[in-house]
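Encoded as structure tokens, the structure appears first; notes follow it.
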Amino acid sequence: MARIKFLLAFFAMLICVGGVAGAYFYWKKFAQPEIVVNRHISGKGGSTLEKPDLGKRHFDAAVALLKEGELVSARDRLLYLMEYFPESATFAEARRIVGELNMDLLVSKIPLPGKVEHTVKRGEALVTISSRNKTTIDYIMRANGKTSEFIFPDEVLTVYPLDFAVRIALDAGTVTVLDGDKLFKEYRIVDRHLPADLRAPVSTAVSEKVAWSDNQPINFTDKNYMNCSKWLRTGKIGLFLRQVDTGSSGGGESRPYGVMLEKADLEELFTILRVGSKVDLLK
């Protein structure tokens, strides 16, 4: 009797083992999740498991929003991607697009928190309007499509308080504009020439904004202002932000000190940075 019970138990165990093995075989062959992909590694004769790019769907969704003209929603979707999926292959492109969108939104008529319309009063000038609204003359001109300093009573101008900070990362080769703790836009350093005794880290601020034409400084009322060379001086000796093609227009120096950017990039920085804007120099 005991032998019969032993045989029955043995057969039952075989049936259980067979069932488990069969279930595993079925899962492995037919039901294994599709997101796990076998990728052949060339030259190694083996395979590895490719990790799914969970940020790509957010990138694709942002691109779709862009095509629909939903710039704010597209930017916010990309910011979400950058915060939660920094390992995504789309991260670098998302970062670039966010910068372009932020700049487009800033100088357009699209409403943003803090962006208001100012009605010009008799006796006002761009200097006073920019000062009272904590913005820049260049921003007012660019956001309102102006090519001269002339304004008129009852004219409506878009203004926005500019409170950006700049982080210059020498090793990374980037100049990053921050809006609080968030990325606004990032620019590529083309060249740099800094004094030997200027060593990072350094914290300073924009101390002067200079427009230069025909070897002399000019202001926004000059007819050559729109096409002149511009640079930003900081409170640290030798630390300037300049356009790469300054040459002899940079104040008479054979090779001026500074961090050099493309002309269009420096124009944007000149537009959105005020005297007093924080500047950090990092290695």
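Points worth noting:
- In this structure the amide hydrogen of LEU194, modeled in the peptide plane, comes within under 5 Å of the amide hydrogens of GLY258, none closer than 5 places in sequence on its chain.
- Extension gain from TYR257 to ALA200, taking 0.36 nm per residue of separation minus the Cα-Cα distance: 19.0 nm
- Summarising the amide proton neighbourhood of VAL279: residues at separation of 5 or more, or on other chains, whose placed amide H is nearer than 5 Å comprise VAL166, THR204, ALA205, VAL206.
- Near the amide H of LEU261, within less than 5 Å, lie the amide hydrogens of VAL190, ARG242, GLN243, VAL244, all on another chain or at least 5 residues away, with H placed in the peptide plane.
- Around the Cα centre of the stretch 151-195, unit charges on the Cβ atoms of Lys, Arg, Asp and Glu (plus for the first two, minus for the last two) sum to a dipole of about 280 debye.
- Kirkwood hydrodynamic radius of the stretch 165-282, from the reciprocal of the average inverse Cα-Cα distance over all distinct pairs: 14.3 Å.
- Sequentially through the stretch 126-136, phi angles give Karplus couplings (6.51, -1.76, 1.60; θ = phi - 60°) of 4, 4, 6, 5, 5, 5, 5, 9, 6, 10, 10 Hz, Gly and Pro residues having no value and appearing as x.
- In order along the stretch 206-211, phi translates into HN-Hα couplings of 5, 9, 7, 10, 10, 10 Hz, rounded to whole numbers, per the Karplus curve 6.51 cos²θ - 1.76 cosθ + 1.60 with θ = phi - 60° and x for Gly and Pro.
- Computing Rg and the Kirkwood Rh from the Cα coordinates of the stretch 116-159 gives a ratio, Rg/Rh, of 0.89.
- Our coupling estimate for the stretch 217-226, obtained by passing each phi through the Karplus curve with A = 6.51, B = -1.76, C = 1.60 and θ = phi - 60°, is x, 10, 10, 5, 8, 6, 5, 8, 4, 5 Hz, Gly and Pro reported as x.
- Candidate cross-link partners of LYS263 among the aspartates and glutamates, defined by an alpha-carbon separation under 12 Å and a same-chain spacing of 8 or more, comprise ASP245.
- Per-peptide packing, taken as the mean over residues of other Cβ atoms within 10 Å, places 135-141, 107-113 in the sequence 135-141, 107-113 from highest down.
- Between the listed residues ASN144, VAL156, SER131, the Cα displaced farthest toward the positive end of the dipole of the stretch 116-159, a dipole computed from Cβ unit charges relative to the Cα centre, is found at SER131.
Throughout, read-outs are computed from the coordinates displayed, never taken from laboratory work. Bear in mind the structure is a predicted one, so any value in this text is a computation, not a measurement. A quick note on method: Cβ atoms are made from the backbone with ideal geometry, for glycine too, and the neighbour counts reach across all protein chains shown.
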